[in-house]
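Note sheet for the following structure.
The values are calculated or read from the model by the stated rules, or taken from the named source; none is laboratory data. Quantities reported herein were computed from a predicted structural model and do not represent experimental measurements. Positions of Cβ are backbone-derived with ideal geometry, glycine not excepted, and every protein chain shown enters the neighbour counts. Side chains included, ligands, DNA and RNA excluded: accessible areas come from the protein's heavy atoms. Shrake-Rupley method; radii C 1.70, N 1.55, O 1.52, S 1.80 Å.
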Amino acid sequence: LLTLREQITPFEVDFSVEERALDFSSVKDAAYGLLQKGGGRLFALAGPNSVLEFLVTGVPHPTPSRHDSRADLDRELRRACERLIADASRSLLPPALDGFLAKADAFQQTAAGAGRQLSAQPFGSVENVAKLAAETVACVRREGGVLVRNLSRYLCNAQTEGILLRPIKANVLERYHQLLAAIDDGGYPDDATAQIGAAPASEVAGVLTAGRAVAGGNGAAGAAVVAATPDNGVAAKTAAAATAAATATATATATATATATATATATA
């Protein structure tokens with residue numbers, strides 16, 4: 001879709017087409033009136049004639065409609081970018097993380113004020129949490145490298161790659177911040193927290209940054225992707241707001257990037 005968008009951008013052509021369709025709603029209303037007013041008025045020669053009224057008012061009307069192929073392409077491109085961001089965000093995190101966060105959230109709501117701690121629960125044991133934290137960082141490292149290489153291979157545009165990576169990175173950090181918050185609020189002693197050894201959020205953010213640099217994104221777009229991300233002291237709602245804002249702007253900016261690239265190429 002990006003390639004097609006780039007190919008049609010240099011041409012100042014109206015890609016819209018006007019179509020006409022028949023609206024049969026009047027036929028439906030006239031037929032309903034014919035049935036209601038039937039009887040002796042169907043073929044009456046003096047006074048109202050139901051059949052004649054049906055023939056006059058039951059004629060379908062043409063209705064024009066206009067379709068813009070360029071707008072349709074932009075809409076499909078936006079949907080494709082949103083699907084890519086959502087799928088990539090899920091692939092960068094282990095499935096066990098969602099289950100743990102759901103259990104931790106439910107426990108925190110039910111145990112509020114009861115004096116119970118997450119660290120005392122079987123699913124929140126130090127061994128389980130340490131394993132989950134290590135698995136999360138390993139999954140981000142493993143799948144993040146694959147994602148960056150695929151984006152670089154198929155897009156071949158550092159700025160577009162950076163635009164798509166930004167909301168993906170924000171989604172990953174949002175979930176990781178939630179894990180760190182659960183650990184901080186779980187009542188783990190200092191020695192247990194050290195045993196868990198959860199990597200700081202800046203290290204997780206640096207995984208995609210490093211992968212982007214290896215793939216060759218060291219320009220201005222790469223710098224936008226590697227923007228410094230706060231550590232685990234930032235509230236999860238800040239990450240969620242950043243995710244929503246980045247996702248809303250990423251798809252529109254990707255289209256604008258493709259447009260600018262194609263226009264510059266045509267001018268050259």
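Which of the peptides 83-91, 160-168, 57-65, 69-77 is most tightly packed, and how do the rest follow, going by the mean number of other Cβ atoms within 10 Å of each residue?
Ranked from most to least packed, the peptides come out as 160-168, 83-91, 69-77, 57-65.
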Rounded Å value of the spacing that divides the Cα centres of the stretch 67-134 and the stretch 179-203: 18 Å
The stretch 72-166, accessible area per residue, ligands and nucleic acids excluded (1.4 Å, Å²): 53 Å²
Distance (nanometres) between label positions extended 7 Å along Cα→Cβ at Asp68 and Arg153: 3.6 nm
Gain upon complete extension [Glu127, Ser202; 0.36 nm per residue less C-alpha separation]: 24.7 nm
Inter-probe distance in nm under a simple model that places probes 7 Å from Cα toward Cβ, at Asp184 and Ser26: 6.8 nm
